[in-house]
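First up is the structure itself, then whatever we jot down about it.
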Amino acid sequence: MDKPIKEQYLVSGFLTLFLIHGMQVGVGVLGFQRDVVKVAGYDAWISVLIAGMVVHVVIACMYTLLKRVDGDLISIHHQIFGKWVGNVICFFVSIYFVAKAVNVLRTYIEVVQVWMFPDLPTWSIAIVASFFFYYVVAGGFRSVVGLTFLGVMIPVAFVPMLLLPLEFANFINMLPILKHSIVELLLGAKDTTLSFIGFESLLLYYPFLKNRDLTQKWAQLGALITNVAYTVIMVVSLAFFSEDQLNKTIWATLTLYKVVQLPFLERFEYIGVSMWMFLITPNIALALWAASRCAKRISGMNQRSALVIAIVIMAVVIILLPTRQEVNQFSNWVAQTGFYFVFVYIPLLVILQTIALKIRRGKHEQTTNL
Amino acid sequence: MNKRLICSFVVLIYTLLLTGCLETSIVDEVSMVRAASFDLEEDGKLKLTVSFPTFPDKGQEQTLEQRIIEATGETTKGTKISLNKNAQKPILFGQVRVLLFSQALAEQGVEKYIDAMYRDPAVGNRISLGIVEGNDAGALLDKDLGIGDLSGVFLPELIEQNQDTSTLPPTNMHQFLFSLYNDGRDAYLPLIIQSDDKVSVAGTALFSGDKFHSKLNFEDSFFMKLLLDTTRQGIHEFAIEDQEQTSYVVIEKLNSDFKRKLDKSRDVPLFIFDVKIDGAIEDYDGQMNLDETKTLNKIQQSIENQISNRAQELLIQFRNEGIDPVGIGEKYRSTTRNWNAEQWRNELYPSAEFEVNVDLKIIQSGAVE
């Protein structure tokens, strides 16, 4: 149906692992504990596990969709809704990815402003970042993947650092297990959305993978690594903070880093905040790439021009969000939209696609019978 | 290709130019507060006293001086503004090591002052907190300790040293906040006293909520510590009553571990503490031969009884006073599905009973018989 991507633009299948994992871990993880604990209390880690399971199911759904059409989200939409409606929906998806990039970058700038440079103007990072991301994404999908690979490998050094706060661990906080009802656990799982979403960009880069039918195991493995990482962070936080203390702490993961004291480094969180840049660049780059790719596929415009538009929108919106309340409000919107898009709309698409294929096959049989 | 070169060039220029635009905090152009103390003025205002090192000019590197300034105000950070009025260089809290509160202020509650520090990302979470007996914690910073070290260095190290060698129960800002915001635990802080020419740790200040409640002396602090933390390489002196004479024995390399159990089978909750201690006899001024198993057993027995009796008395004392520095409530919470902090405080805790079992092992008794 669509033109196949040329061989030299494809990337190896195992890189799906980095793409899925790198796109999931971003700024959400800096402070997701508080939102979950507000609903699910000290059973929050179970909520994280539930959300992780759902992610695996959604990835399986996406592969079902993609294998049937052997294309991307746009082909799926065209297949189900036809050209016009499909394009309109894809336009909103494109906006969604820009919003996601805005959310990640603006939250990160906020963290930098609160923790390191209080008088750093928002626009300065926004503008530098715009040039940087144009440079990366204009290099094509392969350069985005390269960045993602680095963005996953370099922060691996953070993992052991997260275990150091266990010096003050008090695991008795978490007992008894399952004190909260299933409904509360599920609502808690919903509140982790912002930290888990991002992997839906698979719907757009799927045609760029080599041996794409066989990449599902890598995608699932990438999601599994995210789940394990999030569960560990959650368990460490629950053991480290008492409930009301955690409810007061906005960026619990960074506050965890605050007690890490190395012989040569008294306060680790300053390194943590700076190194977090490595974690969020793949997020933003891939979201911008997905947005511009989407725009290109629906309008046929040059992807570079689409990228410039996306980046300009991103920079303007970032500058227009000056206070914590607004950033928070925007995050909530993105989380809400992300929740309905990823966890409701994608499974729904599978059903719609099945129906669409049945009807079409029915028509096809009718025509052959005639 | 050309476009990309221009693009990367622009990024490079930006990063070079923008780095110069932010407020800098160069070490000898700011006043880095090492210790801060909080007092209550008579009119209810906060008096904040800070001590920071000053760096003298060239030629006198060996004499590190410190300056102490104070100001009054309503809030912690508001008072910082007034502090800046008579400071040569801007006051920064990023390197603060110890926060001291006078007992008079602690009786009114310390949460808002500590909260101001927790809110500030520049302040570490491991900093020590302490309560100073009386109503003038500021005077402590100004004291000439006569030991060459500045009070901003001396005080945090004094507290840390006594917590590390396991005589005071360990705490820092994180642990204080952890207990403060925990419905099954009350906070405690080290207590510092000042006399004419010296400053010393005197025990533990117990809190009820964020308000100072009562004092625990140095001896009892050690017993409390056995009930809430593992001890490594501690040292303690015990008195052994033996018929008509009293002898003293010092146990060092004292390692302890504890387990809490809860027996809910009876009408009232029974908490059982199993404390395991091992150590070596370091000093003994009695007449008995330590090489005989019998005497050694006797000493062990006597110390075990002492610890378990005193620890039990302390637990009952805490219960009667309605405070919970050892985290009894936390243990109860971990075994119940319908935890209700109110009910615990008002009905269950006052009726709780305690049992402390101590198992002491003396590993060796030094190099002489």
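Could you grab me the full set of residues in the range A:320-370 that are loosely packed, with under 14 Cβ neighbours inside 10 Å and outside any helix (DSSP H, G or I)?
Across the range A:320-370, the qualifying residues are A:320, A:322, A:323, A:370.
Look at residue A:91 and say whether it is more than 11 Å from chain B (Cβ to nearest Cβ) and either within 22 Å of the chain's Cα centre (by Cα) or not in a helix (DSSP H, G or I) (or both).
For residue A:91, the condition - more than 11 Å from chain B (Cβ to nearest Cβ) and either within 22 Å of the chain's Cα centre (by Cα) or not in a helix (DSSP H, G or I) (or both) - is met.
Just need a number here: residues in the range A:235-251 that are under 14 Å from residue A:161 (Cα atoms) and of a type in the set (Gly, Ala, Ser).
1
Among the numbered criteria (1) more than 21 Å from residue A:336 (Cβ to Cβ); (2) among the aliphatic types (A, V, I, L, M); (3) in contact with a Leu (Cβ under 6 Å, 6 or more places away or on another chain), which one does residue A:19 miss?
(3)
So, residue B:364, is that one surrounded by fewer than 18 Cβ atoms within 10 Å (Cβ to Cβ), in contact (Cβ under 8 Å) with a residue 24 or more places away in the chain and farther than 27 Å from residue A:175 by Cα or not?
Taking the combined requirement at face value, the residue satisfies it.
Hey, residue A:301 hits all of (1) more than 14 Å from every other protein chain (Cβ to nearest Cβ); (2) assigned to a helix (DSSP H, G or I); (3) more than 21 Å from residue A:154 (Cα to Cα) but one; which does it fall short on?
(2)
Answer with yes or no whether residue B:106 is of a type in the set (A, V, I, L, M) and free of Cβ contacts under 8 Å to residues at least 60 places away in the same chain.
So residue B:106 does not fit the description; no.
Restricting to the range B:305-339, name every residue that is out of contact with any strand residue (DSSP E or B) (no Cβ under 6 Å at 6 or more places or on another chain), away from chain A (no Cβ under 12 Å) and either among the hydroxyl-bearing types (Ser, Thr, Tyr) or part of a loop (DSSP other than H, G, I, E, B) (or both).
B:322, B:324, B:326
Restricting attention to the range A:101-115, which residues are within 14 Å of another protein chain (Cβ to nearest Cβ) and aliphatic (A, V, I, L, M)?
Quick first cut of the range A:101-115, residues within 14 Å of another protein chain (Cβ to nearest Cβ) only: A:109-115.
Within the range A:101-115, A:109, A:111, A:112, A:114 qualify.
For the subset of the range A:233-245 comprising residues that are touching a Phe, Trp or Tyr at 6+ places or on another chain (Cβ under 7 Å) and aliphatic (A, V, I, L, M), which member is nearest to the other protein chains (Cβ to nearest Cβ)?
A:239
Tell me which residues, restricted to the range B:212-261, are part of a strand (DSSP E or B) and touching an Asp or Glu at 6+ places or on another chain (Cβ under 6 Å).
Answer for the range B:212-261, where residues must be part of a strand (DSSP E or B) and touching an Asp or Glu at 6+ places or on another chain (Cβ under 6 Å): B:212, B:235, B:247, B:248, B:250, B:252, B:255, B:259.
For the range B:91-105, how many residues meet the condition of being among the aliphatic types (A, V, I, L, M) and either in a strand (DSSP E or B) or at pLDDT 90 or above (or both)? Break it down stepwise before answering.
Here is the first cut: in the range B:91-105, the residues among the aliphatic types (A, V, I, L, M) are B:91-92, B:96, B:98-100, B:104-105.
Cutting the leftovers down to either in a strand (DSSP E or B) or at pLDDT 90 or above (or both) gives us B:91-92, B:98-100.
Qualifying residue count, the range B:91-105: 5.
Somewhere in the range A:149-158, is a residue surrounded by fewer than 20 Cβ atoms within 10 Å (Cβ to Cβ) and more than 30 Å from residue A:263 (Cα to Cα)?
yes
Matching residues to (1) part of a helix (DSSP H, G or I); (2) closer than 25 Å to residue A:342 by Cβ; (3) within 14 Å of chain B (Cβ to nearest Cβ):
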site	(1), (2), (3)
A:166	yes, no, yes
A:184	yes, yes, yes
A:194	yes, yes, no
A:201	yes, yes, no
A:207	yes, yes, no
A:222	yes, yes, no
A:230	yes, yes, no
A:247	yes, no, yes
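Within the range A:116-145, how many residues turn out to be part of a helix (DSSP H, G or I) and either more than 9 Å from every other protein chain (Cβ to nearest Cβ) or farther than 22 Å from residue A:272 by Cβ (or both)?
Residues flagged as part of a helix (DSSP H, G or I) and either more than 9 Å from every other protein chain (Cβ to nearest Cβ) or farther than 22 Å from residue A:272 by Cβ (or both) within the range A:116-145 amount to 18.
Residue by residue, here is whether (1) small (Gly, Ala, Ser); (2) free of Cβ contacts under 8 Å to residues at least 60 places away in the same chain holds:
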{"position": "A:98", "(1), (2)": "no, no"}
{"position": "A:104", "(1), (2)": "no, no"}
{"position": "A:107", "(1), (2)": "no, no"}
{"position": "A:111", "(1), (2)": "no, no"}
{"position": "A:124", "(1), (2)": "yes, yes"}
{"position": "A:138", "(1), (2)": "yes, no"}
{"position": "A:159", "(1), (2)": "no, no"}
{"position": "A:166", "(1), (2)": "no, no"}
{"position": "A:175", "(1), (2)": "no, yes"}
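For every residue, the table says whether it meets (1) over 24 Å from residue B:193 (Cα atoms); (2) over 24 Å from the mean Cα position of the chain (by Cα).
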site: B:72; (1), (2): no, yes
site: B:78; (1), (2): yes, yes
site: B:85; (1), (2): yes, yes
site: B:93; (1), (2): yes, no
site: B:97; (1), (2): no, no
site: B:100; (1), (2): no, no
site: B:115; (1), (2): yes, no
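Residues to consider are A:276, A:289; find the one that is away from chain B (no Cβ under 12 Å) and within 16 Å of residue A:115 (Cα to Cα).
On the way: A:289 fails: within 16 Å of residue A:115 (Cα to Cα).
After ruling out the rest, the residue left standing is A:276.
Specify the residue that is modelled with the lowest pLDDT; the eligible residues are those in the range B:3-58 that are in contact with a Pro (Cβ under 9 Å, 6 or more places away or on another chain) and more than 10 Å from chain A (Cβ to nearest Cβ).
Per the stated criteria, the residue is B:25.
Which numbered condition trips up residue A:180, out of (1) touching a Ser or Thr at 6+ places or on another chain (Cβ under 7 Å); (2) part of a loop (DSSP other than H, G, I, E, B); (3) not small (Gly, Ala, Ser)?
Single failed check for residue A:180: (1).
In the range A:78-111, which residues are buried (at least 18 other Cβ atoms within 10 Å of the Cβ), under 20 Å from residue A:315 (Cβ atoms) and of a type in the set (A, V, I, L, M)?
Within the range A:78-111, A:98, A:99, A:101, A:102, A:104, A:105, A:109, A:111 qualify.
Take the range B:160-202 and flag every residue that is away from chain A (no Cβ under 14 Å), under 18 Å from residue B:219 (Cβ atoms) and either part of a loop (DSSP other than H, G, I, E, B) or under 10 Å from the mean Cα position of the chain (by Cα) (or both).
B:162, B:165, B:166, B:167, B:168, B:188, B:189, B:190, B:191 - these are the residues of the range B:160-202 that are away from chain A (no Cβ under 14 Å), under 18 Å from residue B:219 (Cβ atoms) and either part of a loop (DSSP other than H, G, I, E, B) or under 10 Å from the mean Cα position of the chain (by Cα) (or both).
Look at the range A:11-51 and say how many of its residues are modelled with pLDDT under 85 and in contact with a Pro (Cβ under 9 Å, 6 or more places away or on another chain).
Residues meeting the conditions: 1.
Kindly indicate the residue of the range A:255-272 that is surrounded by 21 or more Cβ atoms within 10 Å (Cβ to Cβ) and not in a loop (DSSP other than H, G, I, E, B) and also farthest from the other protein chains (Cβ to nearest Cβ) among those meeting that condition.
The selected residue is A:272.
Could you please find all residues in the range A:275-288 being within 21 Å of residue A:237 (Cα to Cα) and either polar (S, T, N, Q) or surrounded by fewer than 21 Cβ atoms within 10 Å (Cβ to Cβ) (or both)?
Within the range A:275-288, A:275 is the sole residue that qualifies.
Give the range B:262-292 a look and list any residue that's acidic (Asp, Glu) and either part of a loop (DSSP other than H, G, I, E, B) or surrounded by 15 or more Cβ atoms within 10 Å (Cβ to Cβ) (or both), or say none. It would help to see each step written out before you state the result.
Applying the first criterion (acidic (Asp, Glu)) to the range B:262-292 yields B:263, B:267, B:274, B:278, B:282-283, B:285, B:291-292.
Within the range B:262-292, B:267, B:278, B:282, B:285, B:291, B:292 meet the criteria.
For the range A:222-240, does any single residue satisfy the condition of being buried (at least 22 other Cβ atoms within 10 Å of the Cβ), aliphatic (A, V, I, L, M) and at pLDDT below 90?
Scanning the range A:222-240 turns up no residue that is buried (at least 22 other Cβ atoms within 10 Å of the Cβ), aliphatic (A, V, I, L, M) and at pLDDT below 90.
The values are calculated or read from the model by the stated rules, or taken from the named source; none is laboratory data. Everything quoted here is computed from the prediction, not taken from an experiment. For neighbour counting, all protein chains shown are included, and Cβ atoms are generated from backbone atoms with ideal geometry for every residue, glycine included.
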